[in-house]
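The values are calculated or read from the model by the stated rules, or taken from the named source; none is laboratory data. What you see is a predicted model; the values in this text were computed from it and never measured. Glycine also receives a Cβ, built like all others from the backbone with ideal geometry; neighbour counts cover every protein chain displayed. When the accessible area is computed, the model is the full protein with side chains, heavy atoms only, and any ligands, DNA or RNA have been set aside. Shrake-Rupley method; radii C 1.70, N 1.55, O 1.52, S 1.80 Å.
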Amino acid sequence: MAVENPSLEEIGAILKKSKRIAVVGLSEKPDRTSYMVSEVMQKAGYDIIPVNPSVDEVLGVKAVASLKDIEGHIDIVNVFRRSEQLFDVAKEFDEIDADVFWAQQGLVNEEAYEFLKEKGYTVIMDLCIKVAHALTK
């Protein structure tokens with residue numbers, strides 16, 4: 001099964017109703033893509049939750065070690081990890097209260113995609129959330 005993302009219209013609807021974004025692999029380094037993308041999304045009004053066991057805080061928000069450490073509902077889990085690590089993140093995603101699994105541009109893992117789609121989740125892969133937000137405002 002090939003990865004098939006929702007339409008741009010559907011993605012726009014997801015972004016408009018979403019408030020909390022957990023960012024797996026969010027770096028504390030301002031020159032990293034994960035930081036730049038998350039900073040833009042934070043400035044656009046989203047609550048950003050850094051998920052990175054190696055940092056204490058990013059963008060003024062206390063980081064958590066894993067998705068399981070987040071209290072409450074998460075609208076989008078935005079993943080900045082290598083493609084081969086997406087399946088492990090997908091399994092953890094399945095154990096929490098979250099709606100959308102979003103792997104950043106350049107990241108695709110068909111095993112993770114099929115695992116989550118079979119469970120009824122919305123899955124987006126190989127698409128930058130910042131670009132999608134700009135295109136659907």
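Cross-link list Lys16/Lys137; Lys43/Lys130; Lys17/Lys117; Lys43/Lys137; Lys19/Lys130: which exceed 19 angstrom alpha carbon to alpha carbon?
Values: Lys16/Lys137 8 Å; Lys43/Lys130 11 Å; Lys17/Lys117 21 Å; Lys43/Lys137 14 Å; Lys19/Lys130 14 Å.
In this structure, Lys17/Lys117 exceed 19 Å between Cα atoms.
What number, in percent, do you get for the relative contact order of segment 1-49 if the mean sequence gap of Cα pairs under 8 Å and at least 6 apart is divided by its residue count? Numbers along the way, then the final one.
Details: 29 pairs, mean separation 18.6, N = 49.
Relative CO of segment 1-49 lands at 38 percent.
Specify the residue with the greatest mean-square fluctuation among Phe93, Phe115, Phe101, computed from a Gaussian network of the chain linking alpha-carbon atoms under 10 Å apart.
Taking springs between Cα atoms under 10 Å, the residue moving most is Phe115.
Placing +1 at every Lys and Arg Cβ and -1 at every Asp and Glu Cβ, with all other atoms neutral, what dipole size does segment 1-124 have around its Cα centre, in debye to the nearest 20?
Working: 14 positive and 23 negative charges, 78 e Å.
Once rounded to the nearest 20, the dipole reads 380 debye.
With all protein chains present, how much of the accessible area of the chain (probe radius 1.4 Å) comes from carbon and sulfur, to the nearest whole percent?
Details: 3270 of 7160 Å².
C and S fraction of accessible area: 46 percent.
When a/c is below 1.5 the answer is rounded, else prolate if a/b is larger than b/c, else oblate, so apply that to segment 2-116 with a ≥ b ≥ c taken from the square roots of the Cα gyration tensor eigenvalues. Show your work: numbers first, answer last.
On the way: a/c = 1.42, a/b = 1.23, b/c = 1.16.
Rounded shape, in that the Cα axes give a/c under 1.5.
Report the one residue of Met36, Tyr46, Gly72 whose Cα lies farthest in the direction of the positive end of the charge dipole of segment 3-100 (charges on C-beta: Lys and Arg +1, Asp and Glu -1; origin at the Cα centre).
Met36
Roughly how many Å² is the accessible area per residue of segment 82-131, as a whole number, for a 1.4 Å probe? If you can, show how the numbers build up before the last one.
On the way: 2370 Å² over 50 residues.
That works out to 47 Å² per residue.
Give the accessible surface of segment 10-55 per residue, rounded to a whole number of Å², with probe radius 1.4 Å and ligands, DNA and RNA excluded.
50 Å²
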